[in-house]
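Before any comments, here is the structure.
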Amino acid sequence: MLNRSFVLLLAAALFLPSAAQAQGSRTKELLAAGKPVTVVCFGDSITGVYYHTGGRRAYPEMLEIALQKAYPKAQVKVMNAGVSGHTTVQAMARLDGAVLKHKPQLVTVMFGMNDMVRVPLDDFKKNMIEIKDRCQKAGAEVMFCTQNNIIETAGRPNKKLAEITQIIRDLAKEHKLAVADCHAAYESAKTKDAADWRLLLSDEIHPNMDGHKLLAETIAKTIVGKEISLKDSGPPTPAIPRTLQLLKAGQPIKVLAMPPYDKVIGPALQEFDPKAKVEVTTWPTEGMTLAQLETAAKKVRGMKLDLVIVAVPITPSAPNLESRINSYSWVMNHSLSFGYQQWDVIAIPPSTAEFKLSLGERQLDRFARRLIAAQDLSMITRQKGEGDAELRAVVVRWLKEQARIER
């Protein structure tokens, strides 16, 4: 005859969810119930806010939007604990101060891109387990996240990324954790349309904002169990917070602008605010290739600016599509501060500066708009019927829109 206590324990075990089932369920329940939830996203530069996503947000900020969409009554705060260049070694050293002090209900852990080149795989495994253990001991649920796929380089071969990605999956399975398989989401996108997949990356390893939306959608689905789309989430507003702040304070504004906006932005700002003090430096584009514009963009971060206007014309040549994508992206990347935006950056598609475009040029214009939006940057665009003579009025109207948004 079975011991009565054993029978009771066996019955309890049959009706309790397994650890694998339980992971993520408590956070989901709190979200659904409208209870306060803090999520901390722990990672490296792919998690943190840097130039490749426009310098104002990354997938953790988009995850908060996604979770709010899934549960409109949720009281959710997602905190970004990503630091460029970090491996799991540095992660363990800052875990208490960057993550656990916030008393999160859920910690997402996304490392590997730097570990794969600097940390032995056995050490990576031990570090991931220690991070998991310390978070759970503090009362947080833990979710492991694989990272995006990449454009292979000598330093980061796809074979090595695949190996560390599988380690993350295996660790999650072994320790009965939920895993948000962002790498699989990227691989699926590449299989479906390789050209479209390429436009999810700002450089060889970092996703742009379109790519970060995919990361956030994948993590959100793992948490709540259903698809959530972020395609309709536009860039942050207002687009020029620093410029508006300086105008209010009566401070001078230093502008770097590509033609024809080097001649337009000063008068437009002064029409918008007669007291505006504007110093404009021209960023030359005539006769330059995209690669030359990319090289010139490397000087921007040292110029101590308040506003940068990127208006790459339709004419700069590039040897092939990959070179065009890479150089156009880096013109914008270098125009931004390395981390959080320290100055305003806006980008303008060719059709706004060059009103009459041929069919082939309109295709390049659509390409430019896609890259600008993927960088999470706002665009100034013309409305139907506005010609070259109205260009200043177009900019003034856009400035007024930004001021209304700020209020």
**Prompt:** Of all residues in the range 261-315, how many are more than 27 Å from the chain's Cα centre (by Cα) and surrounded by 16 or more Cβ atoms within 10 Å (Cβ to Cβ)?
**Reply:** 14
**Prompt:** How about the range 164-173: which of its residues are over 15 Å from Asn127 (Cα atoms) and over 25 Å from the mean Cα position of the chain (by Cα)?
**Reply:** Lys173
**Message:** Take residues that are free of Cβ contacts under 8 Å to residues at least 24 places away in the same chain, of a type in the set (S, T, N, Q) and buried (at least 22 other Cβ atoms within 10 Å of the Cβ) and tell me which of the strands (runs of 3 or more DSSP E) falling wholly in the range 106-196 contain 3 or more.
**Reply:** none
**Fill in**
Flagged in the range 84-95 as within 15 Å of Lys132 (Cβ to Cβ) and not polar (S, T, N, Q), in numbering order, are Ala91, Met92, Leu95
**Request:** Return yes or no: is Lys173 within 22 Å of Gly48 (Cβ to Cβ) and either assigned by TED's automatic domain parsing to the domain that holds Ala58 or out of contact with any helix residue (DSSP H, G or I) (no Cβ under 8 Å at 6 or more places or on another chain) (or both)?
**Result:** no
**Prompt:** For Leu230, which of the numbered conditions (1) farther than 21 Å from Gly55 by Cβ; (2) surrounded by 17 or more Cβ atoms within 10 Å (Cβ to Cβ); (3) not assigned by TED's automatic domain parsing to the domain that holds Asn127 fails to hold?
**Reply:** (1)
**Prompt:** Does the range 346-364 include one or more residues that are under 21 Å from the mean Cα position of the chain (by Cα) and assigned to a helix (DSSP H, G or I)?
**Reply:** no
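Okay, residues lined up against (1) more than 29 Å from Val39 (Cβ to Cβ); (2) not acidic (Asp, Glu):
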residue: Glu204; (1), (2): no, no
residue: Met209; (1), (2): no, yes
residue: Ile219; (1), (2): no, yes
residue: Gly225; (1), (2): no, yes
residue: Ser229; (1), (2): no, yes
residue: Thr243; (1), (2): yes, yes
residue: Val255; (1), (2): yes, yes
**Message:** Looking at Ala91, Ala81, can you tell me which residue is part of a helix (DSSP H, G or I), on the phi < 0 side of the Ramachandran plot and among the small types (Gly, Ala, Ser)?
**Reply:** Ala91
**Message:** Just the residues that are in contact (Cβ under 8 Å) with a residue 40 or more places away in the chain, surrounded by fewer than 20 Cβ atoms within 10 Å (Cβ to Cβ) and part of a loop (DSSP other than H, G, I, E, B), please, taken from the range 197-227.
**Reply:** Leu199, Asp203, Glu204, Gly225, Lys226
**Asked** When both residues are 6+ apart or on different chains and their Cβ atoms are under 7 Å apart, which pairs have a first residue that lies in the range 40-69 and is on the phi > 0 side of the Ramachandran plot, and a second that is at pLDDT below 95 and of a type in the set (Gly, Ala, Ser)?
**Response** none
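The values are calculated or read from the model by the stated rules, or taken from the named source; none is laboratory data. Keep in mind it's a predicted model, so treat the numbers as computed, not measured. Note: ideal-geometry Cβ built from the backbone for every residue, glycine included; neighbour counts use all protein chains shown.
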